[in-house]
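None of the figures in this text is laboratory data; all of them are computed from the coordinates on show. Source: prediction; values computed, not measured. Note: ideal-geometry Cβ built from the backbone for every residue, glycine included; neighbour counts use all protein chains shown.
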Amino acid sequence: MALQAASLVSSAFVVPKEGKSSASLKESSLLGVSLSDHVKADFSSSALKCKREFNQRVGTVRAQSMATATPAVNRASSEGKKTLTQGCCVVTGASSGLGLAAAKALAESGKWHVIMACRDFLKAERAAKSAGIAKENYTIMHLDLASLDSVRQFVDTFRQSGRTLDVLVCNAAVYLPTAKEPTFTAEGFELSVGTNHLGHFLLSRLLLEDMKKSDYPSKRLIIVGSITGNTNTLAGNVPPKANLGDLRGLAGGLNGLNSSAMIDGGEFDGAKAYKDSKVCNMLTMQELHRRFHEETGITFASLYPGCIATTGLFREHIPLFRLLFPPFQKYITKGFVSEEDAGKRLAQVVSDPSLTKSGVYWSWNKNSASFENQLSQEASDAEKARKVWEVSEKLVGLA
Ligand code: LMG
Ligand code: NDP
Ligand code: PMR
């Protein structure tokens, strides 16, 4: 398979729309290195400036078996500014990597109470503590995206907490590049697509109702995407390439029995399943935008945070890969970004007042300035997005 580098270069990036203060012109280069100098997005001004009535929502405080004991109101910041309240942001998979770093950045800003939605409560608690996140700024709630029952249970627990949801970040993911055989979620969907896409699909659909009730001035629903699902980039052309085909496997339930475990109906390939799931994430964000942005005012966005080559995402990869991948990304592709910096990028998409445009896939250039990136043909195919939506609705029991 010959890489058509020139066309990849030109199509990998897009000139951002005018008037977006932090969306900077990104000049193309093969390895994603920016050639231009741009002012970093102003991260200091914040949603705090957006006035919001302090709203004492003293909901029914039920015992939350899996939640830390924080009050069931969105609290004012510790500075005691009573007229302002923190936003409430759910981050899935906040027990490590990008999710943890973003939770930390958000919590430290003082503007957010972070609900860490995690499958391993103890791990999450330890992670929050060792990251130094202040107790009053986070709550851990149990969520296993590989079980739709757990997703529904999480939504119930959240509702019982009495909090109002302002931002949802769908961040959690699994990557199983060395698996020879597929593994499955509780409902029997192939694990990567089941967790990364279907679990988040149900979660987003259910929590959308909660977000509609929020009066927060800049409500956002963010789904983490990736360059590796985008075949208009060099990274997206490393085999196996993402390809959803005609969705026959997805329509068959990805169960590996009477249907393929792969969305396109092909042979199981763990690395491809992950990349396919990221395409679904990016398509879902756009479909949410088309269906709900106007009606709800919610900003829907996706992002590629950079290559965070040190995270737990690669835990299933062979040791040699884990050893070589970080220096490869640091010194050869120069796509490497630290967990901390990636966390700040995600926090920016959650909170930066200039990143309110909906339907956008954000990326960052070398100077860490955000820009609106262009998705691959498949990852921006509206017809495919609609089909993925409709099939997914059926699989998760919403249609
Ligand atoms: C496959 O594994 C699985 O087999 C497949 O099932 C699927 O899961 C797939 O995508 C998922 O992964 C691929 C994996 C296995 O291959 C790699 O890991 C290759 C990628 C990785 C990065 C290694 C580059 C090594 C470069 C060395 C850099 C060292 C750092 C230098 C910094 C110094 C600075 C002072 O295979 C392996 O893991 C075996 C890896 C063996 C690597 C042998 C190195 C070969 C050298 C090739 C260099 C290629 C560099 C290309 C650079 C191109 C830049 C445009
Ligand atoms: P990590 O493995 O560090 O984090 C993934 C998180 O997801 C962990 O907290 C993990 O929980 C959680 N998780 C996995 N399965 C489930 C589940 N069934 N239910 C609930 N939570 C679950 O990886 P990253 O931080 O790298 O990945 C975060 C996001 O960033 C992903 O969406 C990934 O696709 C994306 N991304 C990552 C890139 C990178 O280079 N690392 C590049 C581009 C995108 P636990 O701690 O219990 O394992
Ligand atoms: Mg990639 C511009 C070059 C670039 C970037 C930004 C990435 C990101 N990768 C690049 C290039 C290459 N990669 C090249 C030239 C190779 C062949 C040596 C290569 C290989 C490679 C492998 C084997 N890359 C990988 C893998 C993985 O297993 C990772 C993966 O696909 O996970 C799904 C991965 C990644 N490369 C990236 C990024 C961001 C990843 C992982 C994370 C992700 O998309 O979530």
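Residues whose amide H falls under 5 Å from that of Thr139, counting only those 5 or more places apart or on a different chain, are Val114, Ile115, Met116, with hydrogens built in the peptide plane.
Determine the gain in length on full extension of the stretch Ile332-Lys123; use 0.36 nm per residue of separation and subtract their C-alpha separation, reporting nm with one decimal.
71.9 nm
Relative to one another, the C-alpha centroids of segment 99-132 and segment 197-216 are positioned 20 Å apart.
Segment His293..Asp341, full-extension length gain: 14.4 nm, with 0.36 nm per residue of separation and the alpha-carbon distance subtracted.
Dimensions of segment 263-399 based on its C-alpha atoms, expressed as ranges along the principal axes with the largest first, amount to 45, 43, 25 Å.
Taking a ≥ b ≥ c as the square roots of the eigenvalues of the Cα gyration tensor, segment 200-287 is classed as oblate, since a/c reaches at least 1.5 and a/b does not exceed b/c. The string of couplings for segment 189-206 from the Karplus curve (6.51, -1.76, 1.60, θ = phi - 60°) is 8, 3, 4, 5, 5, x, 7, 5, 9, 5, x, 5, 4, 5, 4, 4, 4, 6 Hz, one whole number per residue in order, with x for Gly and Pro.
I'd like to know which of Ser204, Gly256, Thr183 lies farthest towards the positive end of the charge dipole of segment 176-321, counting +1 on Cβ of Lys and Arg and -1 on Cβ of Asp and Glu. So the residue we want is Ser204. Within segment 328-376, none of the GluC sites (Glu not before Pro) combine a DSSP coil assignment with at most 14 other C-beta atoms in a 10 angstrom radius.
Which order do peptides 170-181, 108-119, 138-149, 237-248 fall in by mean Cβ count within 10 Å, highest first?
Result, highest mean first: 108-119, 138-149, 170-181, 237-248.
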